[in-house]
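Taking it in order: structure first as structure tokens, then the write-up.
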Amino acid sequence: MMRWLAAFVRLGRPQFLVGGFLLYGLGAAVAVVNGAPLVAGTYALGQAAITAIQLMTHYANDYFDQAADRANQTPTQWSGGSRVLVGDGVLSPRVALRAAQGLAALGTLLVVTVFVAGGAGGHDAALALALALALAWAYSAPPFRLHSRGLGELTTAIVVTGLAPLVGFLQQAGGPAGVGRLVVAQLPLMGLQFAMLLAIEFPDAAGDAAVGKRTLVVRLGGRRAAGLYRAVLVAIYGAIPLLLRAGLPPLGALAAASLVPLAAWQWRALGAGAWQQPRRWEGLAFRAVATLIGTTAAELAAFAWLARG
């Protein structure tokens, strides 16, 4: 029983839930900086919905991506799925499907609860959550399978770094007024999320291509995808002065730029061909994840500090 339970937990990849907590918190912190009070009950309700949708995505991805994960001979700690369903057979694939469906139902219930009892911003927040749930399911599930249409990277950036903070903001702010300050804080994170997906697709590319999972890396090829990654990094950090002029607080801009050295390391590694060297894939994926999570944490800390008054 303990072995089954441990496998079930691994299947949900709980380590990736950290990002959902940080991003949702960032949206709420920006609302407080704008003058809104922090309402604990509303905050907890929105966080529960975000976490349910995130877990749904993890279980659904492992179920619907079994063929690609099985064909993947070069998984890393960050890519290739949880490896539970393609491993020792402790869990039936149907367990993953039922867990995903149950979490989708829970997520839907929480969306309705936010709509009904989520305060002044509940209606807007519920609409954002409903969109996040729909896109998260369509990411890997048929008939849409957005990750196989070259749309998975953009979809993930919209859901994870776009809608999750937006929900936190709308719930605390009571509506979209003043959301521009959140948008200028989100844009670097959305770029980093997009880039992170490219990084974790390099090790998966051969297996994905073999089963028709046409991610952006498969469609572009490794060299052009690496070039796109490098261009995205230049755009992210080059845009920070513009975001500062557009309303991003100086402390927020400093936070957004705080991991430039790590991003520069990544930029150089890609230029040196790390994308095609299996021994370097683990480090490439780790730096991509660390840059996103570290920058998000820095921005959250910056706005939490500003929220103190």
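Considering each of 18, 30, 9 in turn, give the residue that is within 20 Å of the chain's Cα centre (by Cα), aliphatic (A, V, I, L, M), over 28 Å from residue 117 (Cα atoms) and in a helix (DSSP H, G or I).
9
Would you confirm, using the coordinates I've provided, whether residue 218 is surrounded by 15 or more Cβ atoms within 10 Å (Cβ to Cβ), under 21 Å from the mean Cα position of the chain (by Cα) and closer than 27 Å to residue 140 by Cα?
yes
Being outside any helix (DSSP H, G or I) and at pLDDT 95 or above narrows it down to one of 270, 233, 248, so name that one. Talk me through it step by step, then tell me what you get.
Working: 270 fails: outside any helix (DSSP H, G or I); 233 fails: outside any helix (DSSP H, G or I).
That would be 248, the only listed residue that is outside any helix (DSSP H, G or I) and at pLDDT 95 or above.
Within the stretch 180-191, is even one residue within 19 Å of residue 248 (Cβ to Cβ), surrounded by fewer than 22 Cβ atoms within 10 Å (Cβ to Cβ), of a type in the set (Gly, Ala, Ser) and touching a residue at least 60 places away in the same chain (Cβ under 8 Å)?
yes
Would a scan of the stretch 252-261 turn up a residue that is under 20 Å from residue 204 (Cα atoms), surrounded by fewer than 18 Cβ atoms within 10 Å (Cβ to Cβ) and touching a residue at least 12 places away in the same chain (Cβ under 8 Å)?
Within the stretch 252-261 (the criterion being under 20 Å from residue 204 (Cα atoms), surrounded by fewer than 18 Cβ atoms within 10 Å (Cβ to Cβ) and touching a residue at least 12 places away in the same chain (Cβ under 8 Å)), the answer is no, since none of the residues qualifies.
What is the number of the single condition among (1) surrounded by 18 or more Cβ atoms within 10 Å (Cβ to Cβ); (2) farther than 15 Å from residue 222 by Cβ; (3) aliphatic (A, V, I, L, M) that residue 284 does not meet?
Residue 284 satisfies every listed condition except (2).
Could you say whether any residue in the stretch 237-255 is touching an Asp or Glu at 6+ places or on another chain (Cβ under 8 Å) and of a type in the set (Gly, Ala, Ser)?
Looking for residues that are touching an Asp or Glu at 6+ places or on another chain (Cβ under 8 Å) and of a type in the set (Gly, Ala, Ser), one finds at least one in the stretch 237-255, hence yes.
Restricting to the stretch 287-309, give me the number of residues that are of a type in the set (Phe, Trp, Tyr) and either in contact with a Gly (Cβ under 6 Å, 6 or more places away or on another chain) or buried (at least 23 other Cβ atoms within 10 Å of the Cβ) (or both).
The number of residues fulfilling the criteria is 1.
Might you check whether a residue that is free of Cβ contacts under 8 Å to residues at least 40 places away in the same chain, part of a helix (DSSP H, G or I) and either touching a helix residue (DSSP H, G or I) at 6+ places or on another chain (Cβ under 7 Å) or closer than 22 Å to residue 53 by Cβ (or both) occurs anywhere in the stretch 164-173?
no
Answer with yes or no whether residue 74 is within 19 Å of residue 201 (Cα to Cα), buried (at least 22 other Cβ atoms within 10 Å of the Cβ) and either among the aromatic types (Phe, Trp, Tyr) or out of contact with any strand residue (DSSP E or B) (no Cβ under 8 Å at 6 or more places or on another chain) (or both). Outline the logic, then answer.
Values: within 19 Å of residue 201 (Cα to Cα): yes; buried (at least 22 other Cβ atoms within 10 Å of the Cβ): no; either among the aromatic types (Phe, Trp, Tyr) or out of contact with any strand residue (DSSP E or B) (no Cβ under 8 Å at 6 or more places or on another chain) (or both): yes.
No; evaluated as a whole, the condition is false for this residue.
When you scan the stretch 241-250, do you find a residue that is of a type in the set (Gly, Ala, Ser) and surrounded by fewer than 24 Cβ atoms within 10 Å (Cβ to Cβ), even just one? Before the answer, list the steps.
We begin by selecting, within the stretch 241-250, every residue of a type in the set (Gly, Ala, Ser); these are 246-247.
Keeping just the survivors that are surrounded by fewer than 24 Cβ atoms within 10 Å (Cβ to Cβ) gives 246-247.
Yes, because at least one residue in the stretch 241-250 is of a type in the set (Gly, Ala, Ser) and surrounded by fewer than 24 Cβ atoms within 10 Å (Cβ to Cβ).
Do the conditions hold for residue 88, that is, is it acidic (Asp, Glu) and without any contact (Cβ under 8 Å) to a residue 24 or more places away in the chain?
yes
The values are calculated or read from the model by the stated rules, or taken from the named source; none is laboratory data. Keep in mind that what you see is a predicted model, and the values were worked out from it rather than measured. We place every Cβ from the backbone using ideal geometry, glycine too, and count neighbours over all the protein chains shown.
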